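Here is the structure we will look at.
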Amino acid sequence: MTETPTSPQPMRTDMCGELDMSDVGREVSLCGWVGRRREHGEHLAFIDLRDHTGVIQCVVDGAHDLRSEFVVRISGTVRHRPEGTTNANLATGEVEVGDCTVEVLSAAEPPPFPVDERIDTDEGVRLRHRYVDLRRDRMQRNLRLRATVNSAIRGAMEEQGFVEIETPMLIASTPEGARDFVVPSRLKPGSFYALPQSPQLFKQLCMVGGIDRYYQIARCLRDEDLRADRQFEFVQLDAEASFASQDEVIEFITHAVAAAVEAATGERPGDVPQMTWHDAMERFGSDKPDIRFGMELVELTAVFVATEFNAFKADCVKGIRVPGGAERTRKQLDDLTDAAKRYGAKGLVWMKVDADGAINSPVAKFLSEDELSGIVAALEAEPGDLVLLVADDRRTVRHVLGLLRLELGRPPVNEGGLRFLWVVDFPLFEGVDDNGSPIPMHHPFTMPHPEDTHLLDGSPDDLQNVRSQAYDLVVNGWELGSGSVRIHRGDLQQRIFGLLGISEEEARAKFGFLLEAFRYGAPPHAGFAFGIDRLVAILAGEENIREVIAFPKTQSGGDPLTEAPTPIDAAQLDELGLRVLPPKA
RNA sequence: GGUCCCGUGGUGCAGUUUGGAGUGCACGCCGGCCUGUCAAGCCGGAGGUCGCGGGUUCAAAUCCCGUCGGGACCGCCA
């Protein structure tokens, strides 16, 4: 193929959405897609020409056979629209392009769904024709916002001395954490690479390698079930800094996020408050509290220390107050009870506060006057309110009420502003495994809190109370990301492995290369990673990260456009030394 | 692994509760008319395996079972 010689005239001189009164009289050439057209017989037609910047009305001879989504080049003269025909709803509505020459660059079949935004189209249809969907304003806006955020983050990290390093996509599988995606090796049949769940170990190796401050906008892959805020593949700002404390890392990341928010919204967010994990769990029933609204969990255990009511003879009783919730019907309350049970509670006690302040509840007759007044006082319940109580072990109470709180009070994604929050002092361990060994909450390289190191020698209960130097960034109830100060000394690491029930041999097999690296001079280091998909979704006012991803997967992990995943042929399997088993019965 | 919701011309929806002829609305599409529209207007037209399979019934978009696809959530996601 020979290239077409460079045209003496540019294909286009201007963007559709950028023409205004200052362009009147200019000869312009515009390229784009045909949007709506209004035809008035063979002598006059109005064509809305669209590119990613917007729409401009072109006045053409009606004999042109232009259809929706044709790709055209239109040349003409910008002119002021005649008196009374301007369109205030259009950014370019004061002008139009007249005396048009039209060139059809590509004809097009009618689109499978309208490109204008007047109706919501089924997401499956949108994904099957994503290339059409991407033309729509919403996707253009979201993807460009995402690019802006990426760019701001890069700028902020580099300003702070971080160096962008790329780490491999084909790595060794480590048994910890989420399910790996694996890639069969051709040169070593029977062996597999894993795709990285995160560049965690590599960034720590970078610290040993003297990189000092590493960052990467990194693709991460986890083979776990998909959700509105989870895809198989997602993108994180991944960062690690040598000789840095928790507070310094928090500062670095806060700065990067603030830069992203400012680039996206024009407003720089204020200081980000911190909350301990313990407070978050007790007050919000979640380690990612949505602090845009109240309805906090209120401790009621003390009110029922001597209760006669069996259901409240529990480790923990907490309640939430739903302002104005007394209007809920019996059916709605039954639905809430069902939800509470689905979330793991044995039941849900509801109480309505009547206009006279009396408690209306199926269990009121089992409670003493003191207990009833204690509930009202602790929750500051007022007439018209609904109060929901759960009694169980502390974990369950927090979990169930935390979810009910969200179900009943959570504002839509685009309301209530951006409420960032650092959750700090996470526990080092979370429960125990089948062998009675504590389970690391973050990962086994997480540094214990300096004030709690003495507890490492203590009882199993003491161990559960050890705090770590791990911290999460939360916004509006979304976990944006997490990080920690890492253990960089072999002796402490051995001790933690010992507590976790990981033998020396096992540790060497799983993480030998990292432990070996640490023997050659490891700086103290700490890091963080946060999800860019989630940040962009929140900034775009989207409930779902698929709306900020150009080509996302569906909840069942498929791509309706390419139909991935697909079988591969026998020859390909053969080369990899693989055989596919028949599906399980 | 589990719970719940959805699936009706190209698109969005109504119809399903209480079974009775593929019935209806809006957009789009095709053709005609139309020289200032902008969600152009007017006239005419085409377009359907009611996701798929089975069952109940004289009769199923509608009821039942299964299945596929999409979505929300619990579990899972160090």
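The values are calculated or read from the model by the stated rules, or taken from the named source; none is laboratory data. Only a predicted model underlies this, so the values are computations on that prediction, with no experimental measurement involved. Neighbour counts run over all protein chains shown; Cβ positions are idealised from the backbone, glycine included.
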Hey, could you check segment A:163-176 for residues that are among the charged types (D, E, K, R) and either more than 16 Å from RNA strand B (Cβ to nearest atom) or modelled with pLDDT of 95 or more (or both) and say which is surrounded by the most Cβ atoms within 10 Å (Cβ to Cβ)? A:E164
Would you please list the contacts, defined by Cβ atoms under 9 Å and residues six or more apart or on different chains, that run from a residue in segment A:493-513 that is closer than 17 Å to A:P438 by Cβ to a residue that is among the basic types (K, R) and in a helix (DSSP H, G or I)? A:I502/A:K510
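Say whether the condition of being under 21 Å from A:G481 (Cβ atoms), at pLDDT 90 or above and not β-branched (V, I, T) is met by at least one residue in segment A:449-463. Full working, then the answer.
Within segment A:449-463, the first condition is being under 21 Å from A:G481 (Cβ atoms), and the residues that meet it are A:449.
Checking which are at pLDDT 90 or above leaves us with A:449.
Subset that is not β-branched (V, I, T): A:449.
Scanning segment A:449-463, I find at least one residue that is under 21 Å from A:G481 (Cβ atoms), at pLDDT 90 or above and not β-branched (V, I, T), so the answer is yes.
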Lone qualifier among A:D212, A:D247, A:D238 - being modelled with pLDDT of 95 or more, within 18 Å of the chain's Cα centre (by Cα) and charged (D, E, K, R): A:D238
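The rows are residues; the columns are (1) surrounded by 11 or more Cβ atoms within 10 Å (Cβ to Cβ); (2) closer than 24 Å to A:N476 by Cα; (3) among the small types (G, A, S); (4) within 11 Å of RNA strand B (Cβ to nearest atom).
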| site | (1), (2), (3), (4) |
| --- | --- |
| A:A540 | yes, yes, yes, no |
| A:E563 | no, no, no, yes |
| A:T566 | no, no, no, no |
| A:G577 | yes, no, yes, no |
Taking the stated definitions as given, is A:A63 surrounded by fewer than 13 Cβ atoms within 10 Å (Cβ to Cβ), closer than 16 Å to A:R38 by Cα and out of contact with any Pro (no Cβ under 6 Å at 6 or more places or on another chain)? yes
Residue in segment A:325-368 that is farthest from A:A391 (Cα to Cα), counting only those that are within 16 Å of RNA strand B (Cβ to nearest atom) and basic (K, R): A:K331
Among (1) within 20 Å of the chain's Cα centre (by Cα); (2) more than 12 Å from A:L473 (Cα to Cα), where does A:I253 come up short? (2)
Could you count how many residues in segment A:238-262 are of a type in the set (S, T, N, Q) and within 16 Å of RNA strand B (Cβ to nearest atom)? 0
Which condition breaks for A:D462 when tested against (1) charged (D, E, K, R); (2) out of contact with any helix residue (DSSP H, G or I) (no Cβ under 9 Å at 6 or more places or on another chain); (3) farther than 23 Å from A:G285 by Cβ? (2)
Within segment A:153-162, does at least one residue satisfy the condition of being surrounded by 14 or more Cβ atoms within 10 Å (Cβ to Cβ), of a type in the set (K, R), within 16 Å of RNA strand B (Cβ to nearest atom) and within 22 Å of the chain's Cα centre (by Cα)? no
Restricting the first residue to segment A:113-139 and requiring it to be under 18 Å from A:T554 (Cβ atoms), which pairs with a second residue that is near RNA strand B (Cβ under 10 Å from one of its atoms) and hydroxyl-bearing (S, T, Y) meet a Cβ separation below 9 Å and a spacing of at least six or different chains? A:F113/A:T121; A:E123/A:T554; A:G124/A:T554; A:L127/A:T554; A:D133/A:T121
Looking across segment A:222-237 at residues that are of a type in the set (A, V, I, L, M, F, W, C) and more than 6 Å from RNA strand B (Cβ to nearest atom), the single one that is surrounded by the most Cβ atoms within 10 Å (Cβ to Cβ) is A:L237
Check segment A:77-95 and report whether any residue there is under 30 Å from A:L561 (Cβ atoms), of a type in the set (A, V, I, L, M) and touching an Asp or Glu at 6+ places or on another chain (Cβ under 6 Å). no
